[in-house]
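What follows is a single structure, written as structure tokens, with notes after it.
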Amino acid sequence: MAGICLDIVPLTNIVNSKGWYAELREDIETRKILVWISAGQYDAEAKKNIKVQLWLNSLAEAGKVKSVDGSRYSVGLRQLKSNPVCQCRDCDDLHLFSLCAVARSSYLFTEDRRIAKCRKRMARRTELRGFCMVRLIYKQREYKEHRQKLSAH
């Protein structure tokens, strides 16, 4: 089963079936796609929206949501936060990099373009490259490019 990570804006758009996210929602619900979640900031953001929580709960009942190991996630997040390369305005979503790295997810759905800038900065540092192995999906075109790979796992 392929694993994906979702930033909060795409997650909300999926739950509301907004635009091309309706297709992604259907794929998550009907294909072999696993949604990775974590504790901490991500969980706090998701809990602000009851529709998001209900959808994640229904996916969890179907075995389509999995939580990453909390201690590994925390260690990764601390490593990122303590690195000077990550101390910039573009790197305010470090929890997503830790989530993706611990989950070994190949895909992060986001609408925040600063994440790409942060990933580029981090990739220059050997000790941070493990956090940069995720493909960022911003648009429907990119999703369509990778849709078959997601479903094939």
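The values are calculated or read from the model by the stated rules, or taken from the named source; none is laboratory data. Nothing here was measured: the structure is a model prediction, and the numbers come from that model. All Cβ positions, glycine included, derive from the backbone under ideal geometry; neighbour counts span all protein chains shown.
Only one entry of Ala116, Ala101 meets the criterion of being crowded, with 17+ Cβ neighbours inside 10 Å, in contact with a Phe, Trp or Tyr (Cβ under 9 Å, 6 or more places away or on another chain) and in a helix (DSSP H, G or I), and that entry is Ala101. Here is the figure for segment 42-100: residues that are touching a His at 6+ places or on another chain (Cβ under 8 Å) and either of a type in the set (Asp, Glu) or modelled with pLDDT under 90 (or both) total 1. Among the residues of segment 60-69, the ones that are surrounded by fewer than 17 Cβ atoms within 10 Å (Cβ to Cβ) and assigned to a loop (DSSP other than H, G, I, E, B) come to 3 in all.
Put simply, of Arg89, Arg72 the only residue that is part of a loop (DSSP other than H, G, I, E, B), basic (Lys, Arg) and surrounded by fewer than 16 Cβ atoms within 10 Å (Cβ to Cβ) is Arg89. The residue of segment 1-44 that is farthest from Asn57 (Cα to Cα), among those that are touching a Phe, Trp or Tyr at 6+ places or on another chain (Cβ under 8 Å) and in a strand (DSSP E or B), is Ala2.
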